[in-house]
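So the structure is just underneath, and the comments pick up after that.
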Amino acid sequence: MLKFYHAPWSRSSSVLWLLEELQAPYDLELVDMHAQGGVPESYRAIQPSKKVPAIVHDGHIVTERAAITLYLADMFPEAGLAPAIDDPARAAYLRSLVYHDAVFDPVVCARVHGLAYESRDYPFGTFDDMVAFLERQLGETPYAAGDRFTAADVQLGTGIGYTMNIMNALPERPVFKEYVARIEQRPAYRKAQQIDMELASRIPFFSGENAPGKV
């Protein structure tokens, strides 16, 4: 049994997309991050910061997007979204997954919130270094781990698409636009978007100016 704790239009949306790619059966537990009084304290037993995403699979709790992605892609190998241990693409796959959570997300947050710092001050480096690295990487290969789509592209693609097109924080480089356009054609991506739209309609916060599609 796989239970997925999810909030629409959040960081867990990429895991929703991954589950649809894997065609893995799951029960979705809706977490209202905007509920009056906040997320129930009982949820802390699943996710210590009361954040999403989180999964519970056969009694085992997994949190953090990179860990969840690695776990699920390996647990459902028939989908072919995780290069095997002896596959040369495995190294780039692992690097991309961890890079997204350990570098991409923190530097984007730092940029959006106006944090001024030297590269040596924080382990995640600078925004400009991140942009240059991803532009070079995606200019050399069409996907995060090489020539084929993997679970790493679910995370990286979601991150680039959201920060470039919604937050307007990432520069609109041609290689980023082409990459996002390529992966957003996938049927599983479109299905996940439809699910999020329906889930958001159940949450009072997502109305008026906060409705899906509003920036």
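Annotations
- Length-normalised contact order of the stretch 68-215 in % [C-alpha pairs under 8 Å, at least 6 apart]: 21 percent
- Two-site label geometry, Asp86 and Glu178: point separation in nm, points 7 Å out along Cα→Cβ: 3.5 nm
- Were the residues from Glu198 through Lys3 laid out at 0.36 nm apart, the gain over their Cα-Cα distance would be 68.3 nm.
- Count of lysine pairs in the chain with Cα separation under 24 Å (8 or more residues apart, or interchain): 8
- Per-residue 3J(HN,Hα) values for the stretch 48-59, derived from phi via the Karplus relation 6.51 cos²θ - 1.76 cosθ + 1.60 with θ = phi - 60°, read x, 9, 6, 9, 10, x, 7, 9, 10, 10, 6, x Hz in sequence order (x marks Gly and Pro).
- Chain lengthening between Glu29 and Phe205 when straightened (0.36 nm per residue, less Cα-Cα): 61.6 nm
- Amide hydrogen neighbours beyond the local backbone of Leu28, cut-off 5 Å, H modeled: Phe4
- The stretch 1-103: relative contact order in percent, alpha carbon pairs under 8 Å with at least 6 residues between: 27 percent
- Couplings 3J(HN,Hα) of the stretch 78-87, computed from phi: 4, 6, x, 9, 10, x, 5, 3, 8, 7 Hz, in residue order, whole Hz [Karplus 6.51 cos²θ - 1.76 cosθ + 1.60, θ = phi - 60°; x for Gly and Pro].
- Sorting 75-87, 156-168 by their mean Cβ neighbour count within 10 Å, with the most densely packed peptide first, gives 156-168, 75-87.
- Dipole of the chain, positive direction: furthest Cα of Phe149, Pro204, Cys109, with charges on the beta-carbon: Pro204
- Net length gained if the chain between His113 and Lys191 were fully extended (0.36 nm per residue, minus Cα distance): 24.9 nm
- With a cut-off of 15 Å between beta carbons, the residues surrounding Leu134 carry a summed charge of -3, where Lys and Arg count +1 and Asp and Glu -1.
Bear in mind these aren't lab numbers, they're just calculated from the coordinates by the rules spelled out. Computed from a prediction, not measured in an experiment: that's the story for all the values here. Ideal geometry is used to build each Cβ from the backbone, glycine not excepted, and the neighbour counts take in all protein chains shown.
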